[in-house]
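*Asks:* My questions all concern the structure below.
The values are calculated or read from the model by the stated rules, or taken from the named source; none is laboratory data. Just so it is clear, the structure is predicted and the values come from calculations on it, not from any experiment. Here the Cβ is made from the backbone with ideal geometry for all residues, glycine too, and neighbour counts use every protein chain on show.
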Amino acid sequence: MVSVILIWIYMTVTCYITGYLCLTGICRKGNYQIRKESSYLFTGIVLMTVYAEIFSLFGGVSFFANALLLVICLICFLVKKEELAGHFRHIRLTVTPQRVILILVLFFLFAYGTASGLEHYDTGLYHAQSIRWIEEYGIVPGLGNLHSRLAYNSAAFSLSALYSMAFLTGRSFHCCTGYFAFLLAVCCTDACCREREKKLLLSDLIRVMAVYYLLNIFDEMISPASDYFMVLTVFWLVIRWLELLERKEKSTVPYSLLCILGVYVCTIKFSGALIVLLTIWPAVELIQGKRVQEIIRYIACGLIVLVPFLIRNVILSGWLLYPFTAIDLFDLPFKIPKGVAEYDSREIQVYGRGYSDVERFGESIVKWFPDWVRNLDMINQVFLLAALAGLLILGMLVLWNIFRRKKEAYGVLFLMCILGCCFLFWLLSAPLIRYGCVFLWVYPTLLYGYLYQEISPRCDRYKLAVIALGLLGIYKGAMFGRELIRDAGHARQYLLVQQDYEIFETTSYDLHGYTFYYPKEGDRTGYIDFPASPVKAEDIFIGDTIEDGFHDVIHTK
């Protein structure tokens, strides 16, 4: 736990300094004032991810990456020392002691949860290996030919490698998921610290769902799974977007900045890709106002976030968006064969539908959907029914408000439409709950919450809603407390140093003078035995060294 706290402090300092300088520069040109301190941190996280991705193109993301980062942060601090000092004085005068105590409690609570827990299956399969490849080599051409999962490029892995601190002790810490969860938890407590309002805010309903998700993953935050990063970021983005609508924000600056965060979501997990459609909202106003400089500025910011991710995709697999083969632009010697990529893509989709037989990929939704629904737990079945019924309701709401020309409703209806598109994209592609639970939950919650506001805005109904949510909170809090007590014995041994990656029995073999590993049983290899793959690899070396890359030798014979 202490190791997690120290790394989080380092993350906070580096992300805040870089995020503050970047965000204040953008907002100064747009004549906008940032209201949330966590916005600086999330901006810094995006910047640190891009930094790690760019650094990985030239070498391992380890000691030198962190040394250079510290130099950059020190220079930034010295250049903006007076401005930062004034900013921190303002924070000290405006943030209440109760707020500080609440944030500290959450900080230590989530650090405790990140110190130990249950490791995600895929972490042993490829997450840990992917992070170690970034730590050791940065990037290797055709790495997906060693193990196709290693071509599943996620920006979250580069960020995890940057803050793993593997160069300090020889072990790789994995604290970033918990840090994202902590930031979302702080965002959720904003509702407790603002001036009381006798009405149900839509952002508060999404906060309830975010808390529900945080409670579900609390004992799994130890895993650097891209699913968690994506869902946590989308929750934060939607809450902040709703807050802008609720205070009737007219400036396009905060919406545009959140759209850049939407681009970041795309680089974490493809299942959240359609959230980038939010860019339509500020784009319309910017285009109508012929604000060319601002348009160029935001497009440039989006490209800065996206391009390093795409470059890594191409180098890892030879494909722009592996494993999707619709965009075929490159003919590289290390390119993963199209048939392998297509099989991988189909495997993901059928797995999301609840079975592992790729031969069933071509089945219509009429065949696979009933079985998939039956395998859902009751809560998710209820949300699914609400979401599907909500598609018709949303269509009617949109038409009704357009007919009435109720422009004040356009913002929230637009957000619901985008979330509805995200829900359908997830449902019709690879509908595994952990891939897109945020859309399954947030979309119907927002829709029916809006209907509740419109139909029953009276105070007595507000009190009933508060009582219902309070009872639910007491129940979930009690269950959460029981789990903390139950796991206290196991967690006690990790109060100083975080629980390490799971270790698996492997068999070693020599390949071009390097020692490689594969598991004795199953398909997981973990972090320690490196390089590794689920099965013994053929001689896939392009040259004499790992840096030269790998190519496919099985499917091209």
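*Asks:* Of the numbered conditions (1) modelled with pLDDT under 90; (2) in a helix (DSSP H, G or I); (3) aromatic (Phe, Trp, Tyr), Tyr355 satisfies every one except a single condition; which is it?
*Replies:* (2)
*Asks:* If you don't mind, there's one more thing I want to ask. Of these, Asp500, Asp487, which one is of a type in the set (D, E, K, R) and at pLDDT 85 or above? Break it down into steps so the answer makes sense when it comes.
*Replies:* Numbers: Asp487 fails: at pLDDT 85 or above.
On inspection, the qualifying residue turns out to be Asp500.
*Asks:* Give the residue, chosen from Ser345, Ser317, that is modelled with pLDDT under 95 and among the hydroxyl-bearing types (Ser, Thr, Tyr).
*Replies:* Exactly one of Ser345, Ser317 is modelled with pLDDT under 95 and among the hydroxyl-bearing types (Ser, Thr, Tyr), namely Ser345.
*Asks:* Please go through the range 321-339 and pick out each residue that is under 21 Å from Trp133 (Cα atoms) and either within 28 Å of the chain's Cα centre (by Cα) or exposed (fewer than 11 other Cβ atoms within 10 Å of the Cβ) (or both).
*Replies:* Selection gives Leu321, Tyr322, Pro323, Lys335, Ile336.
*Asks:* Suppose we filter the range 237-255 for residues that are closer than 14 Å to Leu415 by Cα and in contact with a Phe, Trp or Tyr (Cβ under 7 Å, 6 or more places away or on another chain); how many remain?
*Replies:* 2
*Asks:* Could you please let me know if Val50 is touching a Pro at 6+ places or on another chain (Cβ under 7 Å) and at pLDDT 90 or above?
*Replies:* yes
*Asks:* Something else about it: Taking into account only those residues within the range 244-258 that are modelled with pLDDT of 95 or more and touching an Asp or Glu at 6+ places or on another chain (Cβ under 8 Å), which is surrounded by the most Cβ atoms within 10 Å (Cβ to Cβ)?
*Replies:* For the range 244-258, the residue satisfying everything is Ser256.
*Asks:* Do you know which residues across the range 69-124 are of a type in the set (D, E, K, R), over 28 Å from the mean Cα position of the chain (by Cα), surrounded by 11 or more Cβ atoms within 10 Å (Cβ to Cβ) and assigned to a helix (DSSP H, G or I)?
*Replies:* Glu83
*Asks:* Okay, moving on. Which of the residues that make up the range 145-161 are under 22 Å from the mean Cα position of the chain (by Cα) and outside any loop (DSSP other than H, G, I, E, B)?
*Replies:* Ser148, Arg149, Leu150, Ala151, Ala155, Ala156, Phe157, Ser158, Leu159, Ser160, Ala161
*Asks:* Give the residues of the range 19-47 that are within 21 Å of the chain's Cα centre (by Cα), more than 20 Å from Ala111 (Cα to Cα), modelled with pLDDT under 95 and among the polar types (S, T, N, Q), sorted by residue number.
*Replies:* Ser39
*Asks:* Mind checking which residues of the range 213-226 are assigned to a helix (DSSP H, G or I) and farther than 11 Å from Cys188 by Cα?
*Replies:* Once the filter is applied, which keeps residues that are assigned to a helix (DSSP H, G or I) and farther than 11 Å from Cys188 by Cα, the range 213-226 yields Tyr213, Leu215, Asn216, Ile217, Phe218, Asp219, Glu220, Ser226.
*Asks:* On to the next question. Does Lys290 count as over 23 Å from Phe423 (Cβ atoms), modelled with pLDDT under 95 and out of contact with any Leu (no Cβ under 7 Å at 6 or more places or on another chain)?
*Replies:* yes
*Asks:* Related question: Output the residues belonging to the range 303-320 that are closer than 19 Å to Cys27 by Cα and surrounded by fewer than 19 Cβ atoms within 10 Å (Cβ to Cβ).
*Replies:* Leu303, Ile304
*Asks:* Specify which of the listed residues (Tyr517, Tyr501, Tyr494, Tyr509) is within 31 Å of the chain's Cα centre (by Cα) and under 21 Å from Glu547 (Cβ atoms).
*Replies:* Tyr517
*Asks:* Right, another one. Quick check on my filter: what residues within the range 334-368 are closer than 18 Å to Val314 by Cβ, out of contact with any Gly (no Cβ under 8 Å at 6 or more places or on another chain) and not aliphatic (A, V, I, L, M)?
*Replies:* Pro337, Lys338, Glu342, Asp344, Ser345
*Asks:* On to the next question. For the range 506-529: of the residues being under 17 Å from Gly142 (Cα atoms) and of a type in the set (A, V, I, L, M, F, W, C), which is surrounded by the most Cβ atoms within 10 Å (Cβ to Cβ)?
*Replies:* Phe516
*Asks:* How many residues are in contact with a helix residue (DSSP H, G or I) (Cβ under 9 Å, 6 or more places away or on another chain), without any contact (Cβ under 8 Å) to a residue 40 or more places away in the chain and in a helix (DSSP H, G or I) when one looks only at the range 268-298?
*Replies:* 10
*Asks:* Right, next: Do you know which residues across the range 364-388 are of a type outside the set (Phe, Trp, Tyr), part of a helix (DSSP H, G or I) and free of Cβ contacts under 8 Å to residues at least 24 places away in the same chain?
*Replies:* Selection gives Val366, Lys367, Pro370, Asp371, Val373, Arg374, Met378, Ile379, Gln381, Val382, Leu385, Leu388.
*Asks:* Another question, then. When residues of the range 68-97 are filtered for being modelled with pLDDT of 90 or more and within 19 Å of Cys192 (Cα to Cα), how many remain?
*Replies:* Number of matching residues: 0.
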